[in-house]
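Trainee: My structure is below; once you've seen it, I'll send some questions.
Throughout, read-outs are computed from the coordinates displayed, never taken from laboratory work. Model, not experiment: these values are computed from the prediction.
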């Protein structure tokens, strides 16, 4: 599974990245978590408000910090 956090490095982006890593760890799944800070790359996903959460190249969340539990539910539904 490939997870990307889209954001330029703001506190919300960092929190979403930490929550995503925690969710992966708690679920014990094999997934990469990558931070994408390049605006051109972010815009390729059509994300205009950060942070964004992308799972397997599909945008799942935009403009909010999802909780660890919300991310875990989303990842379970994506398997």
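Trainee: Based on the alpha-carbon set only, what is the convex hull volume of the range 2-78 divided per residue, in Å³? Write out the running numbers ahead of the final one.
Mentor: On the way: hull volume 5.3 nm³, N = 77.
Convex hull volume per residue, Cα atoms: 69 Å³.
Trainee: With contacts defined as alpha carbon pairs under 8 Å and 6 or more residues apart, what's the relative contact order of the chain in percent? Please report the intermediate quantities before stating the final value.
Mentor: Numbers: 123 pairs, mean separation 31.8, N = 79.
Value for the chain: 40 percent.
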